[in-house]
Each structure stands twice: as structure tokens, then as C-alpha cells.
Amino acid sequence: MIILSDNSNPNVMKLRILILMAGVAFFASCGPSYRVTDKSTVSTDTIGVPTDVKAAFSTQYPTAGNVVWSTYDANTTPIVDWDLNGWTAGEGAYVVTYNLNNDNYYSWYSANGDWIGTAYALNDYKSLPPAVSATLNDKFPGYSITSVNREMKKGQMAYELQIKNGDTKSKVLIGDDGNIIKQKTMEK
């Protein structure tokens with residue numbers, strides 16, 4: 001017979017430890033409904049990324065790690081200037097963030113699995129293609145680079161650069177061939 005008020009009874013102590021461990025295990029299992037692990041494509045139950053979308057991503061980026069899906073929201077994934085690069089996401093699009101080659105990538109897919117584009121922040125500005133660097137030096141003398149995103153979409157590789165010269169700030173999209181695709185001046 002177990003008496004719960006008797007602290008000296010070894011069976012009571014074992015029972016209390018067992019109950020405590022069961023409680024910890026229960027609360028630990030109440031975490032998020034997904035786990036982010038290397039080389040896995042995951043989504044939360046509330047997002048419900050279609051199989052076609054995940055399959056398109058896995059085919060395109062089979063070695064991606066730390067993959068996390070979400071529905072597209074321009075306010076939460078502002079890495080790309082959609083007006084500048086001409087991309088369109090459409091209703092029900094998805095964004096996936098992941099690691100590839102030691103960089104943090106973003107890719108966008110339409111609701112039916114069509115790839116919209118991919119971008120990542122380029123931290124080493126000296127690694128810009130020579131044609132892009134030449135265009136910057138020729139067309140924007142005196143400007144300094146504040147950020148660079150490398151953007152890829154069907155048939156195009158480009159660099160979205162934020163540049164400034166004093167109080168003048170601009171964004172320019174330059175193709176990897178050095179041609180200026182689009183440019184806009186930022187509000188001061």
C-alpha cells in the first residue's frame with residue numbers, strides 16, 4: 001500500500017519522480033508541429049504547402065538544408081524589390097527559406113508549383129561579375145554599395161543593388177552581363 005504523505009518511503013519517491021518525468025515528457029511533446037532539420041522540406045500544419053510545390057523545390061534544390069516554408073507576404077520577406085525585378089507572385093504563392101552553399105536563400109513558388117525566382121544576399125561585393133562592376137563604375141561614379149541581392153529567375157541572373165552617393169539613394173537591377181535592367185531612385 002502506497003502512502004503519498006510519507007516522504008521517507010522509497011516507493012513514494014520513485015512514484016513522484018516517475019510522475020515528474022511523465023509531466024516533463026508531456027510538455028516537451030507539446031512543442032511546434034514541425035521540426036526543421038537539415039535536408040528536409042517541412043511546413044507547419046496551418047500552411048499546407050501542396051505536394052507539387054514541395055516536389056518542384058526538392059527537384060530544383062536537392063541539397064538545400066534547414067528548409068522552412070511559409071505563405072508569401074511581401075511584408076515578411078522583403079529581400080526582393082518585386083517592382084524592380086518584375087516578378088509576380090499571385091494568389092496563394094509560397095516562399096521557402098533554406099541554406100545552400102553557406103548562404104541563406106529565399107525562393108518563391110506559385111500555388112501550382114511554378115518557380116517564380118530565387119534570391120540571396122551577397123555579402124562579398126568584390127565577388128560581383130566584372131561586367132556588373134564595370135557598369136557600376138561607369139554609370140554610377142561616386143556611389144557606394146549598401147546591399148546586394150543576387151536574383152535568379154527563368155533565363156535571367158541579375159543583381160539588385162542598393163547604392164548611395166551622399167543623400168541620393170537608388171536601387172538598380174543589373175544583369176550578369178552588365179546591362180541595366182531597371183533603376184529607381186529612393187525617397188530621401
Worksheet, complete the sentence: Only unsatisfied item for Y106, checking (1) in contact with a helix residue (DSSP H, G or I) (Cβ under 9 Å, 6 or more places away or on another chain); (2) open to solvent by 50 Å² or more (accessible area, probe 1.4 Å); (3) part of a strand (DSSP E or B), is (1)
Worksheet, complete the sentence: K126 passes all but one of the listed conditions (1) buried (at least 17 other Cβ atoms within 10 Å of the Cβ); (2) out of contact with any Phe, Trp or Tyr (no Cβ under 7 Å at 6 or more places or on another chain); the exception is number (1)
Fill in: Filtered residues of the stretch 143-170 (kept if among the aromatic types (F, W, Y) and not in a strand (DSSP E or B))
Y143
Discussion item. Condition first: closer than 21 Å to D103 by Cβ and open to solvent by less than 20 Å² (accessible area, probe 1.4 Å). Now tell me which residues in the stretch 150-167 satisfy that.
Written reply: E151, A158, Y159, E160, L161
Worksheet item: If you take the residues of the stretch 171-188 that are assigned to a strand (DSSP E or B) and among the basic types (K, R), which of them is most open to solvent (accessible area, probe 1.4 Å)?
Response: K182
Discussion item. Can you confirm whether Y98 is part of a strand (DSSP E or B), open to solvent by less than 60 Å² (accessible area, probe 1.4 Å) and of a type outside the set (G, A, S)?
Written reply: yes
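The values are calculated or read from the model by the stated rules, or taken from the named source; none is laboratory data. This is a predicted model, so every value here is computed, not measured. Note that we place each Cβ from the backbone using ideal geometry, even for glycine, and neighbour counts take in every protein chain shown. Accessible surface areas use protein heavy atoms only, side chains included; no ligands, DNA or RNA. Shrake-Rupley method; radii C 1.70, N 1.55, O 1.52, S 1.80 Å.
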